[in-house]
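See structure below.
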Amino acid sequence: MRILVAIKQVPARDARLAVPPQGAWIDERDLSYEVNEPDAYALEEALQLKEKYGGAVVALCAGPERVSATIREALAKGADRAIHIQEDGLAAWDTLSLARLLAKAAETEHPDLILTGLQSDDLGWGQTGVVLAELLDLPHATLVMSVEVANGRVRVKRELEGGWFQNVTMPLPALLTIQSGISRLRYATLMGIKRAKTKEVRKLTAAELGVAPVDGVTLRRLYLPQSAKQTQMLVGSSREQAAQLVEKLRHEVRAL
């Protein structure tokens, strides 16, 4: 079974973010980067499926030269080879354009299963996986908590709202977006790091794939969240104050 895993490199969670004046994206100077955590769970699920059913895991990553570090990490953890779509300025691409780029690269692999993380830690749109499935005309499932493969079909357990779950069976090939936290992430071993240096990384460009960004969603301006302190005095009897507090916790703070 050939499994393709789409991974993304994002700014590290503890990185100090700055937005230039009139900036449409964050200042990337002096930033540290890491693999998108939801995608790390997708990679882990792919590696576990490979260990259980056999086959190969191919990591697919788009971005500038610096994403090579994320690709090497995926190879060190156990991916068999990788595809690097080397392209600058992808932060300005909308979801449809980016999904078209990934779809063109995926078509050359003919995978039995495509896995992605549920969403990215930087933009958090949660759309790339399902748009990719639509472009490739594949059945898909989101919020996947477990995966079983048998007789050319895949059975998945999806997490729904309110503590409910749904079991779905679909034919292969298929695309799944993996829920974070479904398993424990593995670390790259020293032997894995050494082996990663000898594994194939195929480099492509958007021009070679015949894909260019379309006129879609344009990110025009970013703003850092503004923090402020505010004090509100509750008046009335104890009962009235308690009712006001519950109302604010429910509708303003949304803690209830």
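Okay, residues lined up against (1) at pLDDT below 95; (2) in contact with a Phe, Trp or Tyr (Cβ under 6 Å, 6 or more places away or on another chain):
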| residue | (1), (2) |
| --- | --- |
| ALA62 | no, no |
| THR70 | no, no |
| ARG81 | no, no |
| ALA91 | yes, yes |
| LEU96 | yes, no |
| ALA106 | no, no |
| LEU118 | yes, no |
| GLY126 | yes, no |
| LEU138 | no, no |
Quiz prompt | Test for ASP39: is it buried (at least 23 other Cβ atoms within 10 Å of the Cβ) and closer than 23 Å to MET191 by Cα | solution = yes
Quiz item: Does the range 141-149 contain any residue that is more than 14 Å from LYS8 (Cα to Cα), without any contact (Cβ under 8 Å) to a residue 60 or more places away in the chain and out of contact with any strand residue (DSSP E or B) (no Cβ under 8 Å at 6 or more places or on another chain)?
Solution: no
Self-check item: the range 107-117 - residue that is touching a strand residue (DSSP E or B) at 6+ places or on another chain (Cβ under 6 Å) and surrounded by fewer than 23 Cβ atoms within 10 Å (Cβ to Cβ) and, of those, farthest from VAL154 (Cα to Cα)
Solution: GLU109
Quiz item: Looking at the range 31-67, which of its residues are in contact with a strand residue (DSSP E or B) (Cβ under 7 Å, 6 or more places away or on another chain) and small (Gly, Ala, Ser)?
Solution: ALA42, ALA46, GLY55, ALA56, ALA59, ALA62, GLY63
Quiz item: Which of (1) in contact (Cβ under 8 Å) with a residue 60 or more places away in the chain; (2) outside any loop (DSSP other than H, G, I, E, B); (3) out of contact with any helix residue (DSSP H, G or I) (no Cβ under 8 Å at 6 or more places or on another chain); (4) among the aliphatic types (A, V, I, L, M) does ILE193 not meet, given it meets every other one?
Solution: (3)
Quiz prompt | Residue in the range 99-158 that is nearest to the chain's Cα centre (by Cα), counting only those that are of a type in the set (A, V, I, L, M) and in a loop (DSSP other than H, G, I, E, B) | solution = LEU118
Quiz item: Within the bounds of the range 45-56, is there any residue that is assigned to a loop (DSSP other than H, G, I, E, B) and within 20 Å of the chain's Cα centre (by Cα)?
Solution: no
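The values are calculated or read from the model by the stated rules, or taken from the named source; none is laboratory data. All values reported here derive from a predicted model rather than from experimental measurement. Don't worry about glycine lacking a Cβ; one is built from the backbone with ideal geometry, like all the others, and counts go over all protein chains shown.
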